[in-house]
Amino acid sequence: MMIQSVFQDEQELLKAVIEVHSAEGIDLDPMYFKGNFYKQIPKPKMIYDINPQVDECQQADATKLPINSNSIKSMILDPPFMFGIHGKTKSYYSSATHGIFKDFIELEDLYKGILKEAHRVLQKKGILIFKCQDYTDSKTTMVHSFVWLWGIQQGFYPKDLAILWLPKNKVYNPNLKQRHLRKTHSYFWIFEKSTAPVVTLNPTDSTFPTEKAINMDLTATASPTPKCPSDTSLNPNIIKSNFEFILQDGSNS
Ligand SMILES: C[S@@+](CC[C@H](N)C(=O)[O-])C[C@H]1O[C@@H](n2cnc3c(N)ncnc32)[C@H](O)[C@@H]1O
């Protein structure tokens with residue numbers, strides 16, 4: 001039977017991703033929590049969490065793992081995704097819960113840090129599964145698009161994408177006008193550690209990924225000299241408009 005990309009059961013999604021992309025299973029989960037991913041798939045050999053909840057899990061920061069470089073074949077990341085809930089909590093990311101970011105900048109810092117560390121510990125062509133979801137508080141931020149961007153900047157090839165659709169009967173007030181579509185899905189990016197030089201996302205630069213490069217093969221437009229992109233190498237207009245989109249869409253969810 002052909003394996004498709006949208007699932008209503010997380011275990012089925014993980015089984016499919018492993019079958020297609022990582023036949024030997026997942027070696028490392030450094031954001032393990034209680035291990036809810038491993039109801040029907042084998043537990044990784046290495047499991048860590050910054051705030052371990054179960055005895056089998058060791059304490060470590062996913063941005064500074066006690067693991068040799070280029071040593072892991074596959075791993076999964078499932079970071080917290082909520083941020084900026086306007087004083088409704090005192091338990092921000094930096095507190096003991098490590099659950100909710102104060103703002104998008106805190107989320108960006110952690111996501112870039114874990115992508116960088118994943119790129120360090122993975123072998124050439126190693127697989128990273130990255131779970132993420134878009135977030136609506138009073139405004140919507142398309143977090144999965146940023147993860148795609150930051151993954152490419154870090155030197156990953158976005159090889160595939162699976163979607164988990166979990167419609168829930170959320171409580172809502174029918175008297176209020178709905179301003180955004182209710183998000184009932186999450187994304188699992190499947191990144192491969194690229195062997196090609198890292199591309200920049202400046203359209204005037206020769207390493208800017210063309211549609212072909214993004215979809216098929218990052219080596220297609222790679223410059224012979226490896227380039228390390230920084231935010232200053234990005235097109236400021238694109239970045240500015242992204243942030244304006246996030247910051248100025250002040251409508252209700
Ligand atoms: C969304 S939960 C993971 C849920 C897990 N996949 C499961 O299914 O049970 C996110 C986890 O990341 C952990 N975490 C947050 N920041 C971390 C960091 N810098 N290093 C390692 N773990 C971190 C949190 O403590 C939390 O347990």
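Every number here is computed from the coordinates shown, using simple stated rules; none is lab data. Because the structure is predicted, anything quoted here is derived from the model rather than measured. So basically every Cβ, Gly included, is an ideal-geometry build from the backbone, and we count neighbours across all protein chains shown.
State, to one decimal in nm, how far the label point of residue 177 lies from the label point of residue 69, with both points 7 Å from Cα in the Cβ direction.
Between residue 177 and residue 69, the simple spin-label model gives 5.5 nm.
Please give, to one decimal in nm, the separation of the simple spin-label points placed at residue 58 and residue 21, each 7 Å out from Cα toward the Cβ.
2.6
What nm distance separates the two modelled labels at residue 166 and residue 8, each placed 7 Å from Cα along Cα→Cβ?
Here the modelled spin labels are 1.5 nm apart.
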